[in-house]
Amino acid sequence: MMCHATPAWAALQAHHADAMAQFDLVQAFADDPQRLAQLAQQAPHVYADLSKNLWTAQTETLLQTLARECGWQTRRDAMLAGAPVNTTEGRAAMHWLLRMPPDGGALRQHPVVASWPEAQWDTLAAAHDTLNAMLALAEQVRNDRRITDIVNIGIGGSHLGPEVVVQGLEDWVDADKRFHFVSNVDGHELGHVLRQVRPESTLFLIASKSFATAETMLNAHSARAWFLRQGGCAEPGAAVSIARHFVALTSNVAAAEQFGITRCLAFADWVGGRFSLWSAIGLPIAIAIGQEQFRDLLAGAHAMDAHFFTAPMARNLPLRLALLDIWYRNFCGLGNRCIAPYSHGLRRLAAYLQQLEMESNGKRVTHDGRSLGVPTAPIVWGEPGTNGQHAFFQLLHQGQDVVPVEFIVARSGGKYLGAHQHSLVINAIAQAQALMLGRHGASAHQDCPGNRPSSFLLLQQFNPASVGALIALYEHRVFSAGAIWGINSFDQWGVELGKQLAQQLRQREEQDDWAGVDASTRDLMEQLGPAAT
Ligand SMILES: O=P(O)(O)OC[C@H]1O[C@H](O)[C@H](O)[C@@H](O)[C@@H]1O
C-alpha cells in the first residue's frame, strides 16, 4: 500500500488539522513536563534533542504507526539480509557491511545476521581483505616522506564523503601531507592544485566507482598529461610512468587499467556512490588519519548500525529523524531544512547531505514504478555556524517561511577547546532558543514570531568514532524516510539525463547537426562557440 493510502496517513492529517493548528512550542513545554524526556535521547556518540520541534509525543506515536503500516521494519531487515533493495539496479545496498567487524560485531546475535547464508559471511570476509589492503597502502603512503601531496580526483560520492571527513578530522591528519580534492570539470580547480604540487611528491587518487564519469575522466586525463609533461619523476634514462603516482579507487578495474593505472583498489557494486566513504573510496581518509583512526571511524558507524538495526522504534534515532522529516514534509508543508553545523571541520556537511538526501530521496515514483503523488526529500541547505547567523539566520527568525533548523554541535574534542568551543556551542544553543522563543512587544520590525522549530544533534566528543556515527545516522535516516515513502533510495536515474544530453550536444556539435533542437539550446551552443584545444 502506498504511504498516503494507509490509515495512519489519514490519522496524521486529522491530527495536524485538529491538534497541531495552534501548536505553540513554549506552551508545549509548560503543559508537558515529560516533553524533553520523551523527545530527546542518547544514541551511540550522539545525543539528540528533538523537543524543540513542532510535534508532540502523540504525533510521534502516529508516525510510528505509519512506519509500521508502510513496512519500514521489513525493508530495514531486508537491507541487513543483503536483499536487492536497490530494485531498479537489482543490487543490495551494504555500506553497513563495510564497517562490520569480521564476526558480525554488535550485530552477530541479530536474528537476520544469525541466519545469513555462508556466502554473506564470505562477502564480509572479502570486504575485510579489501579494507586491510587499503589500510596497508595508506600506511605505506603515510610512511613515504617523499609524498607530500595527495590529490583526490572524483565527484559526487567519490568526493564529498572523503572531503567532509578529511576536513572534519583535521586535528588527526598527518601534518606532513597536504590533501587536495578536485571534483569540478572547471579547469581552474585542477589548475589551482597543480600549481601547488610537484610530480615527484604527488600521489593522484582517481576515485570513480564507474571509472566513466565525464568530469572525473577529463580531470584524470589532464592530471596524467601534466604529470607526463613534467617528465613524471623518472630516473634519467628510465621511461616516464604514472605507476607509482596514480592509484585508482573503483568498481571498474578494467577501465582503470585501460587508463594505464596499475595500482587499483576495488570495491563491490553493492556500495552506492554516496555511501562509499567506508570503502576503497575512503583511501584519502585513511592516508590522512591513519589506520587506527580509520578503524575508529568504522567502529563509530558500526555502533550506529547496531543501534539502527536493533533499537525499538520509539528509541531508534535514525527512524525518529526520518519520521520528523516526513511530518514536516508531508503534513506541515515545510519543503526545506537548514543544516547548521557549528563546526569549522564540518563546513562541507551540508554539501555532503545534499547528495545523500536529495539524490537518495529526490524521487517521485515508488519501487514498483507507480507515481507517488506526495512530496519526498526536502531541499537541504546550510552553512556552518556562527557564520550563518550573520547571513541567512535573519530569514529563519523573521522571514515568512518556517524552516526547521538542524544544529550539529560537538561538546568537546579537537585541539581548540576552551573559550572558542564554549562560545561556539553557546551560540548554537542561543539560536535554537531564539527560534523557539522569538521576541514580542518590541516595534513591529524588531518582533520575532518565535515558535520556529529546530533539532539539536550533540556529539559527546568530536573524534573519528563520533563522525562515523553521525554519518551513519544520516545514512539510515535517509533510508528510513525512503522506505516509508516506498521509493528506492539507492538509484539516481535523474542524474543520467543531463549526462546523456551533454554527450548528445557534443556529438551534434561535431556533426553540426541541430535538427529538432530547441531554439534556446541551439542559440546557447552557438554563443559558446567551438571547443578550444
Ligand atoms: O564514482 P563515479 O562513478 O565517478 O560517480 C560519481 C557520482 O556521479 C554520478 O553521476 C552520481 O550522481 C553520483 O551518485 C556519483 O557518486
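Observations, loosely collected:
- Residue match in region 123-132 (condition: closer than 30 Å to Ser412 by Cα and buried (at least 20 other Cβ atoms within 10 Å of the Cβ)): yes
- Within the option set Gly468, Gly482, Gly438, being modelled with pLDDT of 95 or more and within 16 Å of the ligand (Cβ to nearest atom) holds for one residue only, Gly482.
- Hits in region 363-380 (condition: surrounded by fewer than 17 Cβ atoms within 10 Å (Cβ to Cβ) and within 27 Å of Ile155 (Cβ to Cβ)): Arg364, Val365, Ile379
- Of Gln511, Gln500, all but one fail to be surrounded by fewer than 11 Cβ atoms within 10 Å (Cβ to Cβ) and away from the ligand (no atom under 16 Å from the Cβ); the exception is Gln511.
- Test: residue in region 94-113 that is open to solvent by 40 Å² or more (accessible area, probe 1.4 Å), over 24 Å from Glu292 (Cα atoms) and not in a helix (DSSP H, G or I): yes
- The listed residue being polar (S, T, N, Q) and more than 30 Å from Pro453 (Cα to Cα), out of Thr87, Thr59: Thr87
- Test: residue in region 388-396 that is touching a Leu at 6+ places or on another chain (Cβ under 9 Å), at pLDDT 95 or above and assigned to a strand (DSSP E or B): no
- Unique match (being of a type in the set (Val, Ile, Thr), farther than 22 Å from Ser466 by Cβ and under 24 Å from the mean Cα position of the chain (by Cα)) among Val380, Val403: Val403
- Tally, over region 189-221, of residues that are away from the ligand (no atom under 16 Å from the Cβ) and open to solvent by 30 Å² or more (accessible area, probe 1.4 Å): 5
- Members of region 246-279 that are open to solvent by 30 Å² or more (accessible area, probe 1.4 Å), away from the ligand (no atom under 11 Å from the Cβ) and closer than 21 Å to Ala223 by Cβ: Val253, Ala254, Glu257, Gln258, Gly260, Thr262, Arg263, Cys264, Ala266
- A single member of Ile471, Ile487 is touching a strand residue (DSSP E or B) at 6+ places or on another chain (Cβ under 9 Å) and surrounded by 15 or more Cβ atoms within 10 Å (Cβ to Cβ), and it is Ile487.
The values are calculated or read from the model by the stated rules, or taken from the named source; none is laboratory data. Keep in mind that what you see is a predicted model, and the values were worked out from it rather than measured. So basically every Cβ, Gly included, is an ideal-geometry build from the backbone, and we count neighbours across all protein chains shown. Surface areas here come from the heavy atoms of the whole protein model, side chains and all, with no ligands, DNA or RNA. Shrake-Rupley method; radii C 1.70, N 1.55, O 1.52, S 1.80 Å.
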